Amino acid sequence: MQKKILDAISKNSRYSTEDLAAMLGTDGNVIEQEIKKMEEETVICGYPTLINWDKTENEKVTALIEVKVTPQRDMGFNKVAERIYKFDEVESVYLMSGGFDLTVIITGKSMKDVARFVSEKLSTLESVTSTATYFVMKKYKEYGIAMTGGKVEEERMLITP
Amino acid sequence: MRNPLSKKVVEIKPSGIRKFFDIVNEMDDAISLGVGEPDFDTPWHIREEGIYSLERGRTFYTSNAGLKELKTEVAKYQHRRFGLEYDSVSEVMITIGGSEAIDGALRAMIDDGDEVILPQPSYVSYEPCIVLANGVPVIVELEEKDSFKLTKEKLEAAITDKTKILIMPFPNNPTGAIMTKEDLEGIVELVIKHDLYVISDEIYSELTYGGNHVSIASFPGMKERTIVINGFSKSYAMTGWRLGYACGPKNILSQMLKIHQFAIMCAPTTSQYAAVEALKNGDEDVEKMRTAYDQRRNFLMKAFKDMGLQCFEPFGAFYVFPCIKEFGMTSDEFATRLLKEEKLAVVPGTAFGDSGEGFLRISYAYSIDDLKEGLDRINRFITRLREQKD
Ligand SMILES: Cc1ncc(COP(=O)(O)O)c(C=O)c1O
């Protein structure tokens, strides 16, 4: 049941409990219990909304930063990552295989904002040895959802055999 | 001037769907739960393969029976999914949709006056194709009390010494009925006893809920007397690509191929390349779509229960077939009024045969939000009807 619920809400967290229950052929209590359990176990970590800020008045700048770190004694990657991800402006942090160690994605109001974060907060951390910052110019797709283009029109005829 | 037309063709009734389509088209803001094709786009990796084939300049005919690679994949797929073993060279042919395969199989097998047993309600093309091939359709009316399955008794009653072919339209459009292994056993027995051939339209074979589809060709002694028809339209959401296939014994397939060779030449090349990709790497897409359809099916069944609208539970395809007999109207009247009063298009059950009277075909090839909107309209409509009756 948990897998079924997750599959159903992974692309749309707004189904009501009743709708989910109907879709999965169970009743509302079961859905509520299972969701609660998954929230407690942080299998479900949150329900953010995917917003295309480019279409609003509010400007947002996103940057991807490649970070190299030297893990300190008593302070492995996890600890460094935690010191980074605690900053509010940090959207995502991933530990990477390959040429650098962490990918940090941050959003700010302006390029200056982002630059300030990198120079004042990130690169000043003792364990950070280098950073390379790339600004996002346009978002095409996020969380499996295309961000460009308008609403898709129904192409099918109204009645077919 | 002489009459240019063939009597046989003129006498074929236009499809009931067509008539309804014309009414719907005159309404500008109607919404619909009347569509018989998936709402999903063809998965991108499949479309991409089609595009790539065009870029590579693969814009020529393929061999008549279809690309060798595609036939090989079809044979592998039939084995993987349904345990059927076909020789990809002589027992598989690629057609323009399941549609062409239905027509070709009937034309290759029927002599004037041969009887073809046709269970209804079922897809609209069988009956006219039988007639065009000079066969005689013998309709078996499936009933809700049997969950719209073909029973041994019904089949037996329809068999005469002229019967040659049985059409097996399961999973069924429009009822959503399926035939399980147990359901098929009695049918197989009769088919063999009376030396019949079967055309098994398995176009919805990927869309069954609660158990894998069982092909009648998988029974001992049945492969040599069955043409299995399948295709890409429903399982891979590829209706517009116009691609299907037939699998069957070489002696029949070679004659079908003759018709295909002269009437069609070959199925669309771009679609064939895309279909290779679908069969090689599309299992996961099918699974995803099946899960989505199943959610919608549950959703509709629950909604009908809440409305108190009688509906047997369908286990296949993407249709539900609720009963509207309580309202004392024909399916046609009901559907027409629903369209005029609530601007919702559904298909009257009678479009699929007289035994569809008293039922509606409602498709769930729609998003949950669309289904909700449609269900609201149905609910409003029947609530009004019930109030008027009291
Ligand atoms: C039962 C059945 N068979 C065959 C077809 C034809 O499909 P296609 O020619 O697209 O493969 C359909 C399409 O609606 C169908 O519902």
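Using R₀ = 22 Å, calculate the FRET efficiency as 1/(1 + (r/R₀)^6) where r is the Cβ-Cβ separation of B:ASP283 and B:PHE40; round to 0.05. Walk me through the numbers before you get to the answer.
Working: r = 15 Å, r/R0 = 0.69.
Efficiency at R0 = 22 Å is approximately 0.90.
Kindly put B:ARG377, B:ARG297, A:ARG116 in sequence by how many other C-beta atoms sit within 10 Å of each C-beta, fewest to most. Walk me through the intermediate numbers first.
Working: B:ARG377 19, B:ARG297 24, A:ARG116 13.
So the ranking, lowest neighbour count to highest, is A:ARG116, B:ARG377, B:ARG297.
Quick one: of the DSSP bridges fully inside chain B, what percent are antiparallel, nearest 5?
Working: 14 of 33 bridges.
Among the beta bridges of chain B, antiparallel pairing accounts for roughly 40 percent.
What dipole magnitude, in Debye to the nearest 20, does the protein assembly as shown give about its Cα centre under +1 on Lys/Arg Cβ and -1 on Asp/Glu Cβ?
Numbers: 69 positive and 86 negative charges, 197 e Å.
About 940 debye.
Distance between Cα centroids, region B:176-253 to region A:23-67: provide it in whole Å.
What the calculation gives is 43 Å, centre to centre.
Only Lys, Arg, Asp and Glu count, each charged at its Cβ (+1, +1, -1, -1), so figure out the dipole size of region B:58-281 about its Cα centre, rounded to 20 debye. Before the final figure, lay out each step's value.
Details: 22 positive and 29 negative charges, 179 e Å.
Here region B:58-281 has a charge dipole of around 860 debye.
Taking the Cβ of each residue in B:CYS247, B:CYS266 as the centre, tally the other Cβ atoms inside 10 Å and list the residues starting with the fewest. Please report the intermediate quantities before stating the final value.
On the way: B:CYS247 29, B:CYS266 20.
Listed from fewest to most nearby Cβ atoms, that is B:CYS266, B:CYS247.
Can you tell me which lysines have their Cα less than 21 Å from the Cα of A:LYS79? Leave out same-chain residues fewer than eight positions away.
Cross-link targets: A:LYS68, A:LYS121.
Could you please state, rounded to a whole Å, how far the C-alpha centre of region B:365-384 is from the C-alpha centre of region B:293-316?
Here the answer is 12 Å between Cα centres.
Work out the FRET efficiency for B:ASP390 and B:ASP22 from their Cβ-Cβ distance, taking R0 = 25 Å, and round it to the nearest 0.05.
Plugging the Cβ-Cβ distance into 1/(1 + (r/R0)^6) gives 0.10.
Per DSSP H run of n ≥ 4, the term is -39500 (n - 2.57); total these for the protein assembly as shown, divide by its residue number, and report the mean residue ellipticity at 222 nm rounded to 500 deg cm²/dmol.
Details: 18 runs with 213 residues, N = 551.
So the helix-based figure for the protein assembly as shown works out to -12000 deg cm²/dmol.
Can you tell me the FRET efficiency between B:ARG47 and A:ASP54 if r is taken as the Cβ-Cβ distance and R0 is 22 Å, rounded to the nearest 0.05?
Details: r = 27 Å, r/R0 = 1.22.
Rounded to the nearest 0.05, the efficiency is 0.25.
For region B:208-224, take each phi angle, set θ = phi - 60°, evaluate the Karplus expression 6.51 cos²θ - 1.76 cosθ + 1.60, and give the result in whole Hz per residue in order, putting x for glycine and proline.
Calculated HN-Hα couplings, in order: 10, 10, x, x, 5, 4, 10, 7, 5, 5, 7, 7, x, x, 9, 4, 6 Hz.
Which angle from 0 to 90°, rounded to the nearest 10, does the C-alpha axis of helix A:28-40 make with the longest principal axis of chain A?
Once rounded, the angle reads 10 degrees.
For the pairs A:LYS4/B:LYS234; B:LYS149/B:LYS305; B:LYS71/B:LYS280, flag any whose C-alpha to C-alpha distance is greater than 20 Å. It would help to have the intermediate numbers written out before the result.
Details: A:LYS4/B:LYS234 23 Å; B:LYS149/B:LYS305 22 Å; B:LYS71/B:LYS280 12 Å.
Violating the 20 Å limit, Cα to Cα: A:LYS4/B:LYS234; B:LYS149/B:LYS305.
Please figure out what share of the DSSP beta bridges in the protein assembly as shown is antiparallel and state it in percent, rounded to the nearest 5. Don't skip to the end; give the middle numbers.
Numbers: 36 of 56 bridges.
Rounded to the nearest five, the antiparallel share is 65 percent.
For chain A, with a Gaussian network of springs between Cα atoms less than 10 Å apart, report the residue from A:TYR134, A:TYR94, A:TYR15 with the top mean-square fluctuation.
Per the Cα network of chain A with a 10 Å cutoff, A:TYR15 tops the list.
Among B:VAL346, B:VAL35, which comes first, second and so on when ranked by fewest other beta-carbon atoms within 10 Å?
B:VAL35, B:VAL346
Does chain A come out rounded, prolate or oblate by the C-alpha gyration tensor, with a ≥ b ≥ c the root eigenvalues, rounded set by a/c under 1.5 and, if not, prolate when a/b is larger than b/c and oblate if not? Present the calculation step by step, with values, prior to reporting the outcome.
Details: a/c = 2.81, a/b = 1.56, b/c = 1.79.
Note, shape of chain A comes out oblate.
Values in this text are rule-based calculations from the coordinates and carry no lab data. The model shown is predicted, which means the values in this text are computed figures rather than measured ones. Here the Cβ is made from the backbone with ideal geometry for all residues, glycine too, and neighbour counts use every protein chain on show.
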